Amino acid sequence: MNIILLGPPGAGKGTQAAYIKELKKVPHISTGDIFRQNIKEGTDLGKKAKEYMDKGLLVPDSVVVELVEDRITWPDAKNGFMLDGFPRTIAQAEALDESLAKTGKAIDAVINIDVDFSVLTERITGRRICRKCGATFHVKFNPVKKDGICDICGGELYQRDDDKEETVIKRLNEYQEKTRPLIEFYNKKGVLININGQQDIDAVTKDIEKALK
Ligand code: ADP
Ligand code: ADP
Ligand code: ZN
């Protein structure tokens, strides 16, 4: 099954992806995670992406499309994949369709995690991530047992540079302008599934599970 997780920054895409990848036995492909890994490693791709990410802007389509087109051909994606944070523009979505069509594939489901804009800033600024295993927590909505320490692996938690309030506004604007039109794009194709993302994390997971059956 080829799945896309759609939704504004902070909607809960990464959080839900951790469950769905087990459920559907597909790799979790997060373009944001790939960029952050490249930044950490100091690669050219990382340097290029950082210029935009720090400003809360989308990385240019050409850079992202090339990356994803390659990633979905890896052996682990043979029987399906789950994209998180891609596509983010109509141009990216069209490029993805074309690329999949070459091998007779298509997107089967687009999970649109719907959350009111008013709660996103608090979700994003309270987000904390494990340096070691990448797990996502929240200071208030999904707190760890021991301050600053990952529940899963004991790693150290950190706050993403772009999760500071100044950058969040720009990211939400980018979403409104460039990513939101994808809801209608996939609705027209008949693959859109709307999920109420403004419930407990577990309740959201259950709704997604049901929808993907
Ligand atoms: P995204 O990948 O869409 O940007 P995340 O999954 O990283 O979003 O979630 C953003 C923040 O909100 C994280 O700190 C996460 O723990 C928290 N969060 C995720 N889902 C919920 C939810 N249903 N209710 C409250 N907080 C949530
Ligand atoms: P969030 O879900 O909180 O918005 P991500 O980790 O998905 O965070 O993305 C972080 C940043 O990485 C984005 O603000 C953007 O600069 C860049 N990025 C990730 N995916 C894409 C994409 N598909 N197109 C353009 N930029 C992207
Ligand atoms: Zn961890």
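Coupling constants for region 86-100 follow from the phi torsions by the Karplus curve (6.51 cos²θ - 1.76 cosθ + 1.60, θ = phi - 60°), and in residue order they are 8, x, 10, 9, 4, 4, 5, 5, 5, 5, 5, 4, 4, 5, 5 Hz; glycine and proline get x. Available extension along the chain between ASP54 and GLU94 is 11.8 nm, counting 0.36 nm per residue and deducting the alpha carbon span.
For region 1-50 versus region 55-126, the inter-centroid distance based on Cα atoms is 9 Å.
What residue among SER30, SER62, SER99 has the largest mean-square fluctuation in a Gaussian network model of the chain, using Cα springs under 10 Å? It is SER62. The portion of the accessible surface of the chain made up by carbon and sulfur, rounded to a whole percent, is 49 (1.4 Å probe; DNA, RNA and ligands excluded).
Residues considered: THR167, THR179, THR103. Largest GNM mean-square fluctuation over the chain, using C-alpha springs under 10 Å, is found at THR103. For the chain, the 222 nm mean residue ellipticity estimated from helices alone, with every DSSP H stretch of n ≥ 4 adding -39500 (n - 2.57) and the total spread over all residues, rounds to -13500 deg cm²/dmol. When all alpha carbon pairs of region 173-213 are counted in 10 Å bins from zero, the resulting P(r) reads 26, 38, 35, 1 %.
Mean silhouette area of region 1-57, derived from the convex hull of its C-alpha atoms and averaged over all directions, reads 4.6 nm². Every pair of different Cα atoms in region 93-213 enters the Kirkwood calculation, which places the hydrodynamic radius at 16.8 Å. Candidates GLN199, GLY154, ALA91 compared by Cα position along the dipole of region 54-213: farthest toward the positive end lies GLY154, with charges placed on Cβ.
Once the Cα-Cα distance is subtracted from the 0.36 nm per residue extended length, the PHE117 to SER62 segment shows a gain of 17.0 nm. Taking each residue as 0.36 nm, the span from GLN176 to TYR19 lengthens on full extension beyond its C-alpha to C-alpha distance by 53.8 nm. How big is the C-alpha Rg of region 24-72 next to the rule-of-thumb value 2.2 N^0.38 Å, as a ratio? Dividing the Cα radius of gyration by 2.2 N^0.38 Å gives 1.16.
Label reach from GLU166 (point 7 Å along Cα→C-beta): in region 45-70, amide nitrogens under 12 Å belong to 54-56. Computed on the chain, with alpha-carbon pairs under 8 angstrom and 6+ residues apart, the relative contact order is 30 percent. Bridge orientation summary for the chain: considering DSSP beta bridges with both residues in this region, about 30 percent are antiparallel.
The radius of gyration of the Cα set in the chain, together with its Dmax, comes out at 16.4, 49 angstrom.
In this simple spin-label model, placing a label point 7 Å from the Cα along the Cα-to-Cβ direction at both LYS102 and GLN159 gives a separation of 4.3 nm. Computed over protein heavy atoms with a 1.4 angstrom probe, the accessible surface ordering of ASP202, ASP97, ASP33, largest first, is ASP202, ASP33, ASP97. Solvent-accessible area per residue in region 155-195 equals 58 Å², computed with a 1.4 angstrom probe and all protein chains kept. Each label was represented as a point 7 Å from its Cα along the Cα-to-Cβ direction; for ARG131 and ASP44 these points are 2.9 nm apart.
The values are calculated or read from the model by the stated rules, or taken from the named source; none is laboratory data. The structure presented is a predicted model; accordingly, all values stated were derived computationally and were not measured. Quick reminder, even Gly has a Cβ in these numbers, built from the backbone with ideal geometry, and neighbours come from all protein chains shown. Protein only, heavy atoms only, side chains kept; ligands, DNA and RNA dropped before computing areas. Shrake-Rupley method; radii C 1.70, N 1.55, O 1.52, S 1.80 Å.
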